[in-house]
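Contents: one structure, followed by commentary.
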Amino acid sequence: MNLKERAGLDYRDSGGNIKIKEMTSRYIEDKKRGKEYILGFAIDITEHKALKSELVKSERRFRRLFELPPDGVLVISPEDKIAFWNLAAKNMLGYGDRELKNMAIQDLFPNFQDIYQIKGLVAKGQDGLKIESPIKRKDGSVFPSAVTIWVERDAAGIVLFTYGIIRD
């Protein structure tokens, strides 16, 4: 056995596959016995690195899908606040990032009946719906829109986020 194998620095498994290891070491001195030690741990993080790489790729795909449509996309928190938006929504509505962050979704609907209709359908368990509703811009002008809404729930059926696509 060579020094590299004894030190645990061989980064290939028995099948010859390259493995990624995270190594940690610590110097320990036992003054009473006059001995010094190096304690080391090596953890195989190959799978972790591969999963992280896939997650980064998935995030990039999601970002492109979120940002590319010409329609406004809004992500609404369970508290009815705008959590995320795409550039098209920002341009369509006329608000800046600071104004949109945590803005109440009700502020965009001049007809409160539309909000109550949406909330009622979501409360009944409907996870996808389409409505036509006027939407109010920052400058107070109103435009007709087709709004597609779907709901993300947890395993217990609790609403995590509501997603909306606004088409002028």
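Run the simple label-point estimate for GLU54 and LYS119 please: 7 Å along Cα→C-beta, distance reported in nm.
Spacing of the two 7 Å Cα→Cβ label points: 4.1 nm.
May I ask for the angle, rounded to the nearest 10°, between helix 112-123 and the longest principal axis of the chain, with both axes built from Cα atoms and the value confined to 0 to 90°?
50
Roll a 1.4 Å probe over the protein chains and send me the accessible area per residue for the chain in Å².
Dividing the accessible area of the chain by its residue count gives 72 Å².
Could you list the trypsin sites (Lys or Arg not before Pro) in the stretch 48-150 that lie in coil according to DSSP, counting only those with at most 11 other Cβ atoms within 10 Å of their Cβ?
Filter output for the stretch 48-150: LYS124.
If contacts are Cα pairs under 8 angstrom and at least 6 residues apart, what is the relative contact order of the stretch 1-159 in percent?
Relative contact order here is 11 percent.
Can you give me the distance in nm between label points at LYS90 and ARG137, each placed 7 Å from the Cα along the Cα-to-Cβ direction?
Label-label distance for LYS90 and ARG137, simple model: 1.7 nm.
For the stretch 119-168 and the stretch 34-69, what is the separation of their Cα centres, given in Å?
One Cα centre to the other: 35 Å.
Given the options MET23, GLY34, VAL75, identify the residue whose Cα lies farthest towards the positive end of the charge dipole of the stretch 16-75 (+1 on Cβ of Lys, Arg; -1 on Cβ of Asp, Glu).
My answer, from the dipole projection, is GLY34.
Cα axis of helix 46-67 to longest principal axis of the chain: angle in degrees, 0 to 90, nearest 10?
Once rounded, one gets 20 degrees.
Using a cut-off of 16 Å between alpha-carbon atoms, which lysines can reach LYS119, once sequence neighbours fewer than 8 places away in the same chain are excluded?
LYS81, LYS130
About the Cα centre, and with charges only on the beta carbon of Lys, Arg (+1) and Asp, Glu (-1), how big is the dipole of the chain? Nearest 20 debye, please.
660
Kindly flag which residue pairs out of LYS52/LYS101; LYS19/LYS49; LYS90/LYS138 have an alpha-carbon separation exceeding 21 Å in this structure.
LYS52/LYS101
For percent of Cα pairs over 27 Å apart, the listed values are (1) 50; (2) 27; (3) 19; which was obtained by calculation from the structure presented?
(1)
How large is the helix-only mean residue ellipticity at 222 nm for the chain, computed as the sum of -39500 (n - 2.57) over DSSP H runs with n ≥ 4, divided by its residue count, in deg cm²/dmol to the nearest 500?
Theoretical 222 nm ellipticity from helices: -8500 deg cm²/dmol.
The values are calculated or read from the model by the stated rules, or taken from the named source; none is laboratory data. Quick caveat: nothing in here was measured; it's all calculated off a predicted structure. Glycine gets a Cβ as well: all are built from the backbone with ideal geometry, and neighbour counts include every protein chain shown. Keep in mind that these areas ignore ligands, DNA and RNA; they rest on the heavy atoms of the full protein, side chains included. Shrake-Rupley method; radii C 1.70, N 1.55, O 1.52, S 1.80 Å.
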